[in-house]
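The values are calculated or read from the model by the stated rules, or taken from the named source; none is laboratory data. None of these values were measured; they are calculated from a predicted model. All Cβ positions, glycine included, derive from the backbone under ideal geometry; neighbour counts span all protein chains shown. For accessibility, only protein heavy atoms count, side chains too; no ligands or nucleic acids. Shrake-Rupley method; radii C 1.70, N 1.55, O 1.52, S 1.80 Å.
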Amino acid sequence: MSRRPSDSPSKPKSKDRKQASGKRQKRLFEDQPSVPDYMLEKTVGSPDRLIAGVDEAGRGPLAGPVVAAAVILDPDNIPEGLNDSKKLSEDVRLSLFTRILTTADVAIASTGPSGIDRTNILLASLDAMRRAVDGLTRQPDHALIDGRDVPQGLCCPASAVVRGDARSLSIAAASIVAKVTRDRMMRHSALLHPNYGFEKHVGYGTKAHLAALSDHGPCALHRMSFRPIRVDAE
C-alpha cells in the first residue's frame, strides 16, 4: 500500500529537539538550586558539626599554579551574594573575598607548575585541596569537595559534589577565595615575566598568550606538560 506524504514519519523539528533536551537536562539537575544554598552543609551536620567547602582555581591555564581554598562559614554570619566565582563580576568577587576572610575560617594552598608537571593537573589539584583543608585553624568534621574526586589523606570525612560551587554556599565561598588569590598571584607574576600578559589572561591560552609563547618561548611559570607547550618542546 502506498503511503501518502502526510503518513510518512517525520523527524522532530529542531525546536522540538531542543525542548526535549531541555526537559532531560531539567530532570538530570532537579536537585540543583538556582543559587547556592546551605542545604548540603545541613545534610552533613551543620551547625553542630564544622563543615568545610573546598574548591580550586586554575586547572585549565597554560601557566601558573593551581590554587585551592577551604572555607568553614559561620552559619550565623554568611555573606550575602555568594555564588560560583565564574558567575560574579570582578568587583563583586573582590568584595565577597574580603567579607569571607573576615567572617569565616579560611585556608589556601597551591601547587606550582613544576608540581603539576611531575604528576598531572588532577593530582596536583587534589593535593592542593588536601593541604588547604589541613591548613584550617579548626579541623572540620566533614568537607564538601567540588568535583567528582575526594583527595586522599584528608584529615576528615568528605563528599565529592559535582557542580558544588553552584550548589553549596561553602564551596562557592571557596571558589571565590581560590579565584581571587590565583588572579592576584598571576598579576604579580606579570611584574617578573612582563612578556606574556599574565595580568590580562592570568595564564589561560588566549590568542595573545599563544602569540607571546611563539615569540618568547615558555618561562618558569609555564606548564611544560600542557599542550601546545609540550608539543613545541618535543
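Just flag the trypsin sites (Lys or Arg not before Pro) in the stretch 59-105 sitting in loop per DSSP whose Cβ has no more than 13 other Cβ atoms within 10 Å. The qualifying sites are ARG59. For the stretch 164-234, the solvent-accessible area of protein heavy atoms averages 48 Å² per residue (probe radius 1.4 Å; ligands and nucleic acids excluded). Measuring with a 1.4 angstrom probe and ignoring ligands and nucleic acids, GLU90 comes out at about 80 Å² accessible.
Taking only protein heavy atoms and a 1.4 Å probe, the accessible area of the stretch 45-134 is 48% carbon and sulfur. Here the spin labels are modelled as points 7 Å beyond Cα on the Cα-Cβ line, and at THR206 and LEU94 they lie 1.7 nm apart. Binning all Cα-Cα separations of the stretch 19-162 at 5 Å, short to long from zero, yields these whole-percent fractions: 2, 9, 17, 20, 20, 16, 10, 5, 1, 0.
Karplus-derived 3J(HN,Hα) values for the stretch 146-156, using 6.51 cos²θ - 1.76 cosθ + 1.60 with θ = phi - 60°, are 5, x, 9, 10, 10, x, 6, x, 5, 7, 8 Hz; glycine and proline are entered as x. With the convex hull constructed from alpha-carbon coordinates only, the stretch 34-103 shows a mean projected area of 5.7 nm² over all directions.
For the stretch 91-202, a/c is not less than 1.5, where a ≥ b ≥ c are the root eigenvalues of the C-alpha gyration tensor, and a/b does not top b/c. That puts it in the oblate class.
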